[in-house]
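J.: First the structure, then my questions, so here it is.
FYI, it's all coordinate maths here, none of it is from the lab. Everything quoted here is computed from the prediction, not taken from an experiment. Note that we place each Cβ from the backbone using ideal geometry, even for glycine, and neighbour counts take in every protein chain shown.
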Amino acid sequence: MAFAITQTCCNDASCVAVCPVNCIHPTPDEPDFGTTEMLYIDPRSCIDCGACADACPVDAIFPVDALTAAMRPYAGINADFYAGREPAAADPAPNFHAWGPPVFHRAIPSDFPALEVAVVGTGPAGMYAVEDLLLHTGSRVTLIDRLPVAGGLVRYGVAPDHPSTKKIGETFARYHHHPRLRMRLGVEVGRDVTVDELARRFDAVIYAVGASSARRLGIAGEDLTGSVAATTVVAWYNGHPDVPADAIDLSAERLVVVGTGNVALDVARILTTDPRSLEGTSIAPAALERLKSSRVREVVLLGRRGPEAAAYTTPELLALTQHEDIDLVVDAHDPRITEAIDTEPRAALLRDCKQETIDWSAPPQPGKRRIVLRFHSAPREIVGADRVRGIRVTGEVEIPAGGVVRAVGYRGTPLPGLPFDGDSGTIPNDGGRVRPGTYVVGWIKRGPSGGIGANRACAEETVGRLLEDAIAGRLRTSRRKPGLVARLARRS
């Protein structure tokens, strides 16, 4: 019986590296790696060895015959990826090696001196860079983060009801105690130490500072009380120290989320889930208590385009359609919506959902909390005198609401001392190289695209540029100042 990859796939390709028969695709060297929603196991080639399940850092791989009812569709999702394709050659995957002498992909001279590298940021991008440096080079790494606790996006950006996804943090945490790594937490670049100071102290510095700023809608009323960014909501329910416990107002029966990406689904799901089912998760205790007294009965997700173009992934939508606490409803106000659901494969999962034309002048209905998907509805204006009372969308329809959450994407913010592209919200770079000795990885490098696992290949490219510069003698190693690390230790 074959194995299948399921909802929590992180795309980091650990499974690809251990598969002995090359039955997991796309692989990192294939063009569609990083663009598919997940990785897929070919049931025709799988030999049921279980190596992929053992290697998976987020417990996303199971035998098909062991899938629960909710997970059973993933057997078909995996198989459908290979429909019409010839089975891949049963050769080992690109990173798989038979038993024998270890093989190293980095061409580093054996007598090359150990590098002193600083990595700024303890999220997935930074930690994949740390992993590469520690496992494939003799570098000594100093890991810096402005927060007092490590974890970055895994700790503060993953929904608390996705414990398997958060589990990858355990994989990263094992490096925190590596003999060649030092942790410096509670240290902010630009406040406690400058970019120039780090450049003088270390042979190389990798910035993995993410894209923590929320994109704006650019419409009237966006700054009214009750209008918040999804980044704030996510940080709130994850207990981020920058966000107070009372940051989110849950006193209204209806909230609107602008956006249809996975973050929008996360926000809507957490705000409508029975709080009792969140007990025992990693949700912030203060947020859980406020959810228990929440008056929110309905969350409306607004999509500018139709269901065939929604930004959420199939696994996240599939999980939501099977959520026992929540009714998922499609507002069928536009005939294009029903047509797309009936004809477009991308919208097929919505066929079993309730479809109704909603009277927005009426309050939310009693019964189960619900999430309403309203497509073809671009926001025009957030309305209200001193706080949000609704949102006006395409067609001059006004949806009454006590709050609006803006979930339309992320962007990076400038870091004093480094160049910045205001249009893309990234630090300009060439494959991760900003200049010899200074590098970037993750969303600040490539923009806010790709999930957790996409950072592995991203980090490999960046570390590759760093090593190229080291071997070519382009790093200014003579400018080290050992006292800086001791100073940072006193601040952390």
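J.: Subtracting the Cα-Cα distance from 0.36 nm times the residue separation, let me have the gained length for Gln322 to Asp80 in nm, one decimal.
T.: 85.1 nm
J.: At most 16 other Cβ atoms within 10 Å and a DSSP loop assignment: could you name the chymotrypsin sites (Phe, Trp or Tyr not before Pro) in region 385-453 that fit?
T.: Phe420
J.: Exposure proxy check: Asp65, Asp331 ranked by fewest other beta carbons within 10 Å?
T.: Asp65, Asp331
J.: To continue, here is another question. Given C-alpha coordinates of the chain, what is the ratio Rg to Rh with the Kirkwood estimate of Rh?
T.: For the chain, the value is 0.98.
J.: Between Ala309 and Leu67, how high is the FRET efficiency from 1/(1 + (r/R0)^6) when r is the Cβ-Cβ distance and R₀ = 25 Å? Nearest 0.05.
T.: About 0.30, to the nearest 0.05.
J.: Another one. Identify, among Ala53, Leu318, Tyr410, the residue whose Cα sits farthest towards the positive end of the charge dipole of the chain, taking +1 on the Cβ of Lys and Arg and -1 on the Cβ of Asp and Glu, with the dipole about the Cα centre.
T.: Looking along the dipole axis, the top candidate is Tyr410.
J.: Which parts of region 248-288 would a label at Gln355 reach, counting a residue when its backbone N lies under 15 Å from a point 7 Å out along Cα-to-Cβ?
T.: No residue qualifies, since no backbone N sits under 15 Å from the label point.
J.: Is the shape of region 215-406 rounded, prolate or oblate, going by the alpha carbon gyration tensor and its root eigenvalues a ≥ b ≥ c, with a/c under 1.5 for rounded and a/b larger than b/c for prolate?
T.: oblate
J.: Measure off 7 Å from each Cα along the Cα-to-Cβ vector at Arg295 and Ser449, then give the distance between these two points in nanometres to one decimal.
T.: Those two pseudo-labels are separated by 4.3 nm.
J.: Another one. Which listed residue (Thr338, Pro148, Ser251) has the Cα farthest towards the positive end of the charge dipole for the chain, taking +1 on Lys and Arg C-beta and -1 on Asp and Glu C-beta about the Cα centre?
T.: Pro148
J.: Add +1 for every Lys or Arg and -1 for every Asp or Glu among the other residues with Cβ under 9 Å from the Cβ of Arg392, and state the total.
T.: -2
J.: Enumerate the amide H contacts of Ala2 below 5 Å, restricted to partners 5 or more residues apart or on another chain; note that Pro and chain-start residues carry no placed amide H.
T.: Distant-sequence amide H within range of Ala2: Val64.
J.: Using a 7 Å offset from Cα along Cα-Cβ at Thr338, what residues in region 317-331 end up with backbone N under 18 Å from the label point?
T.: Output list for this probe position: 329-331.
J.: So what's the back-of-envelope 222 nm ellipticity for the chain, counting only DSSP H runs of four-plus at -39500 (n - 2.57) apiece and dividing by all residues, rounded to 500?
T.: -7000 deg cm²/dmol
J.: Would you mind giving the average projected area, over all directions, of the Cα convex hull of region 364-450 in nm² with one decimal?
T.: Its Cα hull, projected and averaged over all orientations, spans 9.6 nm².
J.: Tell me the label-point distance for the pair Arg191, Glu396, using the 7 Å Cα-to-Cβ offset, in nm and rounded to one decimal.
T.: If labels sit at Arg191 and Glu396, their model points lie 4.8 nm apart.
J.: Residues of region 305-334 with the amide nitrogen closer than 12 Å to a label point 7 Å from the Cα of Arg346, along Cα-to-Cβ, please.
T.: Hits in region 305-334 for Arg346 at 12 Å: 305-314.
J.: Amide H of Arg389: which non-local residues (sequence gap of 5 or more, or other chain) have their own amide H closer than 5 Å, using H built in the peptide plane?
T.: Placed amide hydrogens put Val383, Gly384 under 5 Å from Arg389.
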